[in-house]
1. Quick check, is B:HIS312 within 14 Å of chain A (Cβ to nearest Cβ) and part of a loop (DSSP other than H, G, I, E, B)?
2. Please state which of the following conditions A:ASP47 fails to meet, knowing it meets all the rest: (1) within 17 Å of the chain's Cα centre (by Cα); (2) among the charged types (D, E, K, R); (3) farther than 19 Å from B:LYS369 by Cβ.
3. Quick one: which helices (runs of 4 or more DSSP H) sit completely within region A:103-168 and have at least 3 residues that are over 30 Å from A:ARG12 (Cα atoms)?
4. Looking at A:LEU92, is it farther than 22 Å from B:PHE368 by Cβ, within 14 Å of chain B (Cβ to nearest Cβ), more than 18 Å from the chain's Cα centre (by Cα) and not in a strand (DSSP E or B)?
5. Can you name the helices (runs of 4 or more DSSP H) wholly within region B:417-510 that have at least 3 residues being under 17 Å from the mean Cα position of the chain (by Cα) and under 27 Å from B:ARG322 (Cα atoms)?
6. When the residues of region A:24-43 are filtered to those that are open to solvent by less than 40 Å² (accessible area, probe 1.4 Å) and more than 9 Å from chain B (Cβ to nearest Cβ), which remaining residue is farthest from A:ILE89 (Cα to Cα)?
7. Can you tell me which residue among A:ARG12, A:ARG83, A:ARG21 is assigned to a strand (DSSP E or B), in contact (Cβ under 8 Å) with a residue 60 or more places away in the chain and surrounded by fewer than 21 Cβ atoms within 10 Å (Cβ to Cβ)?
8. Among strands (runs of 3 or more DSSP E) lying entirely in region B:174-250, which contain 3 or more residues that are open to solvent by less than 10 Å² (accessible area, probe 1.4 Å) and not aromatic (Phe, Trp, Tyr)?
Amino acid sequence: MSTYDASFRVWRGDAEGGELRDFTVEVHDGEVVLDIVHRLQATQASDLAVRWNCKAGKCGSCSAEVNGRPRLMCMTRMSTFERTETITITPLRAFPVVRDLVTDVSFNYQKAREVPAFVPPEGVAPGAYRMQQIDVERSQEFRKCIECFLCQDTCHVVRDHEENKGAFAGPRFLMRVAELDMHPLDAASDAGLDRKRTAQEEHGLGYCNITKCCTEVCPEGIKITDNALIPLKERAVDRKYDPLVWLGSKIGRRKG
Amino acid sequence: MAQVERQQWDVVVVGAGGAGLRAAIEARERGARTAVICKSLFGKAHTVMAEGGIAASMGNVNDGDNWQVHFRDTMRGGKFLNQWRMAELHAKEAPDRVWELETWGALFDRTPDGRISQRNFGGHEYPRLAHVGDRTGLELIRTLQQKIVALQQEDFKEHGDYEARLKVFQECTVTRVLKEGQRVSGTFCYERESGRFFVLEAPAVVLATGGIGKSFKTTSNSWEYTGDGHALALLAGAPLLNMEFVQFHPTGMVWPPSVKGILVTESVRGDGGVLRNSEGKRFMFDYVPDVFKEKYAESEEEGDRWYEDPDHNRRPPELLPRDEVARAINSEVKAGRGSPHGGVFLDVSTRMPAEKIKRRLPSMYHQFKELADVDITAEPMEVGPTCHYVMGGIAVDSETAATVGVPGLFAAGEVAGGMHGSNRLGGNSLSDLLVFGRRAGLHAAEYAARGASPTGRPAVSQAEIDAAAAEALAPFHAAEGAENPYTLHQELQTTMNDLVGIIRREGEMAEALERLAALRVRAARAGVEGHRQFNPGWHLALDLRNMLLVSECVARAALERTESRGGHTREDCPAMERTWRPVNLLCRPVDPVPADPAADRIELVRTRTEPIRPDLLALFEKEELVKYLAEEELYE
């Protein structure tokens with residue numbers, strides 16, 4: 001087992017302002033950045049604020065920016081850095097700072113509420129749902145999301161554009177719309193809800209210009225752009241410009 | 001006098017994991033205005049870490065399954081100490097609770113005919129666990145979270161306010177359950193972000209705070225698992241049941257040190273993973289206890305055949321209940337046949353092609369690749385026992401989840417005791433959360449509706465608020481020589497891990513109690529730096545009270561029970577004693593609370609278990625019952 005001292009710069013402060021502080025911390029074999037933050041708390045800065053839960057990449061709590069890249073601290077191994085390198089940890093840039101590494105992520109919870117929930121199919125009793133594996137797999141990929149909000153943090157539509165936050169749900173919640181739209185038994189359309197249209201008109205799908213930054217930072221490896229956002233765009237466009245679809249939507253569906 | 005904001009709710013649910021959210025959904029659907037309060041962000045609760053699945057006898061993969069078989073397996077797994085009515089309700093209601101999740105949008109893996117797929121797990125006779133790869137807990141928590149949002153959307157339509165009837169207070173902690181006389185009157189809370197205190201006034205409170213693993217050094221549990229609900233119940237006067245039973249999951253990661261304890265799902269074994277020692281031997285065949293002899297394969301060949309033909313072969317002993325497997329691994333390592341980093345080898349790479357492993361066990365593949373540089377599709381994992389779950393918990397009424405002696409206080413999920421007896425089967429936790437979360441929410445809502453009239457709601461007194469506020473602020477007023485809460489926590493974890501761990505001895509447990517008393521004295525002087533805004537040192541200092549209280553329960557009950565059963569193994573009393581079968585150990589708070597922090601806080605009371613209903617006993621062969629039940633019980 002080998003041990004060495006590493007140089008860290010950690011942002012400390014609150015909504016009023018703050019600064020990067022220098023720390024020298026011991027590092028052991030196999031450790032991740034979150035271990036180092038915990039050692040800082042236990043030995044040098046007991047009130048250093050940080051969110052974390054599972055420490056196994058499953059809950060998506062310990063999101064921060066490590067050397068400027070949005071990362072989960074529990075999945076960022078120290079061995080990926082040179083021992084001489086100074087490692088800088090800062091809070092997620094797209095959200096207001098609460099304290100130190102903790103940010104106010106309430107934006108995401110607001111957006112979650114704006115996506116209409118799953119609509120169960122009428123007349124199908126609990127226990128009678130039948131779906132094929134191949135049909136559930138597309139939405140299952142999106143349900144792997146651990147809501148770390150790294151995609152929301154990195155997306156350039158809102159990263160430095162506070163003004164876009166009102167109109168734009170962000171990759172995570174556009175992916176949620178796609179997930180519901182691809183759910184084999186979602187009955188939203190029967191209830192008069194066109195998820196594709198709302199993606200465009202209410203959740204700001206049009207702002208996305210598929211630069212794939214969200215996909216790159218996703219710790220779950222979800223192909224957010226390719227598998228959720230682009231198909232959603234294609235389907236939304238089909239709706240918007242296909243005259244037959246347009247006509248159909250105007251005269252309404254006949255219910256038998 | 002502390003000026004704090006007061007809010008009025010009908011039901012307050014403490015904890016937002018599977019049990020808490022299910023309770024909140026039920027209470028709100030029954031018309032109660034419901035508040036949920038949780039230490040982390042909404043959707044981050046420990047339930048997300050559950051991997052393998054939800055046990056429910058839907059019979060989708062083997063139609064021989066039904067609630068009676070599930071009940072039998074659960075009782076056997078718990079070595080017959082289970083509160084049998086809970087095990088019965090659980091087995092009967094679990095399928096409905098799973099199917100209900102589908103109507104809320106959950107997407108489980110499917111069988112070829114489109115139904116919910118079910119997988120094998122330790123101690124379950126048939127493939128019974130509904131699953132989504134190895135991330136079932138995430139699916140459960142997200143589905144419940146999204147159902148909560150759906151209810152809030154309904155309320156928004158009706159009242160113009162998402163939080164009119166159901167609100168989640170995230171990143172808030174409850175430090176006291178408040179009472180007027182015997183009755184619950186609310187909770188005292190602080191907001192982690194600001195440190196601000198507030199009171200939720202409510203006639204009914206549901207505790208759904210999960211477990212106690214953070215009192216142990218090697219654990220699969222997250223920081224939240226500090227036994228808060230257990231301690232809140234004790235402090236409110238409600239007893240805990242059979243706290244000596246702590247489950248050490250057989251397979252946690254052992255290397256590198258920083259990830260030691262992180263869970264390796266039982267699905268690895270359910271899907272065909274085998275355990276080997278350093279000599280390459282599948283050692284589990286040497287560890288099948290008498291009570292399970294007829295049910296498990298005697299040769300590797302038979303065990304291997306079982307995966308293809310379960311009707312004509314017996315299952316391999318890697319799928320014994322967790323307590324058996326954990327003890328076996330411990331023995332192999334002690335005998336010098338362990339892996340290089342002090343575990344044993346778990347290998348699934350020879351059973352399935354790489355692509356199938358990646359599909360069925362994606363997060364295990366990812367976890368080992370990212371954290372340990374191990375490719376589980378090509379090489380074995382190193383694994384060893386890790387503190388995972390507490391079977392003991394708040395004593396509750398089986399039907400209503402009401403606690404004993406504190407009207408208005410309910411408990412569900414891991415924080416509640418009884419359901420799992422002395423050892424929980426894998427997959428029975430997620431179903432427990434749903435079945436008893438729903439029951440707790442239902443009965444809390446009914447109680448609140450009754451309690452609102454005619455005598456009116458119980459009131460929260462200013463004196464109680466002042467006392468709770470003073471207690472919470474004490475760490476900021478520590479004198480010179482204040483103790484570092486992080487140091488105290490590490491010493492507590494070492495004490496419990498080394499002295500009240502997987503294998504227990506009388507002398508060590510007695511020593512643990514002495515060390516806990518010394519830690520209580522020092523914890524009374526725990527001090528913190530900085531201010532109240534999002535201060536983890538302060539939060540930990542407050543959580544220490546709970547961990548110390550619960551650890552005392554575990555150590556005291558473990559010392560008292562002079563036998564080995566399920567999650568309680570004593571080197572000095574290695575046999576399961578039938579005379580202990582009908583004995584429950586209740587932990588009660590010493591009343592009045594002693595002024596000296598070194599004095600005992602907990603006293604033990606022995607009670608007798610309720611006789612098992614005859615029609616349930618009739619589900620077992622007489623020859624099997626003889627192995628478990630006390631002499632006098634056989635003739636009752």
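1. Taking the combined requirement at face value, the residue does not satisfy it.
2. (1)
3. Correct list: A:133-143.
4. It is false that A:LEU92 is farther than 22 Å from B:PHE368 by Cβ, within 14 Å of chain B (Cβ to nearest Cβ), more than 18 Å from the chain's Cα centre (by Cα) and not in a strand (DSSP E or B).
5. In region B:417-510, the matching helices (runs of 4 or more DSSP H) lie at B:428-451.
6. Taking the candidates together, the pick is A:VAL27.
7. Selected residue: A:ARG12, the only one of A:ARG12, A:ARG83, A:ARG21 that is assigned to a strand (DSSP E or B), in contact (Cβ under 8 Å) with a residue 60 or more places away in the chain and surrounded by fewer than 21 Cβ atoms within 10 Å (Cβ to Cβ).
8. It comes to B:183-191, B:204-207.
The values are calculated or read from the model by the stated rules, or taken from the named source; none is laboratory data. Since this is a predicted model, take the numbers as computed values, not measurements. All Cβ positions, glycine included, derive from the backbone under ideal geometry; neighbour counts span all protein chains shown. In case anyone asks, the SASA skips ligands and DNA or RNA and just uses the protein heavy atoms, side chains included. Shrake-Rupley method; radii C 1.70, N 1.55, O 1.52, S 1.80 Å.
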